[in-house]
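Have a look at the structure below before the remarks.
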Amino acid sequence: MTTIIKTRKINFPKDKPSVLLLGLPGIGFIGRIAARYIIKKGKGKLFATLLSSHFPAQALMTKKGLLKPLRINFYHVPTKGLKDIIVVVGDIQPPTPEGQFEVALEILNFAKKFNVDEIITMGGYATGNLEENRSVFGVANNTAHIAELSKRGVIFGKAKGSIVGMAGLLPSLAKYKGTPAICLMGETHGAFADATSAKRVLEILAKYLGLELDYSDLDKSVKASEDFMKKLKEELEKTQGGHDKDLSYIR
């Protein structure tokens, strides 16, 4: 199997440390929504692309009539703070364990070349419930992240089970590369794209990283997400005879 990363020339500060943010497709598309929003508002510039034979043999057709392979992209988002940001987004995650490990290790090795001293992955925590107030859960490979993010409202020790995919694998492997890492998971139903939960993750992340984000564009998606959830909840209550005690069977 082959995994390669193609880079582009970019004015990347060599002596400034970076934090790597990862948001790949997953539960509720929370990580992907949040990552793409930071790229948009931070005017991120594409500087590298990861291609892998672990990805399905498919090519995406664009609105302009062009073809592009399935890929994972790296964007540089400059900041006025102590750290710049490298945002990792993509079309897909590797569908096999072998692919997940190979791609994760490639990302970790590549990150070292750009002074990444911290990794934050973003994803969703599916509860099957239609909660109006979404929590943000966290798991880390170090105690410093737990102490700092707990102050900002992230809940540790309550999420159960395992994290499937790069959002959990990358931070866990980062420990063996000597890189502090954390996974932030927005609480979500799990059956639809959840802009509300993505915004909740972004709000915590922005305060932690010292980012000033304008959420006006995202709020349009949040309203659509909330309207959909409200309608779905009403329909479910009708089918249950008005009882809404447990809607978690819908996944």
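The values are calculated or read from the model by the stated rules, or taken from the named source; none is laboratory data. Just so you know, these numbers come straight off a predicted model, no measurement behind them. Don't worry about glycine lacking a Cβ; one is built from the backbone with ideal geometry, like all the others, and counts go over all protein chains shown.
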Of all residues being crowded, with 21+ Cβ neighbours inside 10 Å and of a type in the set (Gly, Ala, Ser) in region 28-47, which is nearest to residue 128 (Cα to Cα)? Just the residue, please.
28
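Can you pull out every residue in region 46-59 that is touching a residue at least 12 places away in the same chain (Cβ under 8 Å) and part of a loop (DSSP other than H, G, I, E, B)?
So in region 46-59, the residues touching a residue at least 12 places away in the same chain (Cβ under 8 Å) come out as 46-56, 58.
Within region 46-59, 53, 54, 55, 56, 58 qualify.
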The condition from (1) of a type in the set (S, T, N, Q); (2) buried (at least 19 other Cβ atoms within 10 Å of the Cβ); (3) farther than 20 Å from residue 36 by Cα; (4) within 17 Å of the chain's Cα centre (by Cα) that residue 179 misses is numbered (4)
Inspect all residues belonging to region 26-39 and state whether any of them is farther than 23 Å from residue 174 by Cα, of a type in the set (Val, Ile, Thr), out of contact with any Gly (no Cβ under 7 Å at 6 or more places or on another chain) and at pLDDT below 95.
no
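Looking at region 132-176, which of its residues are exposed (fewer than 13 other Cβ atoms within 10 Å of the Cβ) and under 20 Å from residue 117 (Cβ atoms)? Working first, answer last.
Start the filter on region 132-176 by keeping residues that are exposed (fewer than 13 other Cβ atoms within 10 Å of the Cβ), which leaves 132-133, 143-144, 147, 151, 157-158, 160-162, 176.
Hits for region 132-176 are 143, 144, 147, 176.
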Take region 60-101 and flag every residue that is surrounded by 12 or more Cβ atoms within 10 Å (Cβ to Cβ) and without any contact (Cβ under 8 Å) to a residue 24 or more places away in the chain.
69, 70, 71
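Quick check: is even one residue across region 10-19 in contact (Cβ under 8 Å) with a residue 60 or more places away in the chain and not in a loop (DSSP other than H, G, I, E, B)? So that I can check it myself, show each step before the final result.
Taking region 10-19 as the starting set, the residues that turn out to be in contact (Cβ under 8 Å) with a residue 60 or more places away in the chain are 10, 12-19.
Keeping just the survivors that are not in a loop (DSSP other than H, G, I, E, B) gives 18-19.
Yes, there is a match, as at least one residue in region 10-19 is in contact (Cβ under 8 Å) with a residue 60 or more places away in the chain and not in a loop (DSSP other than H, G, I, E, B).
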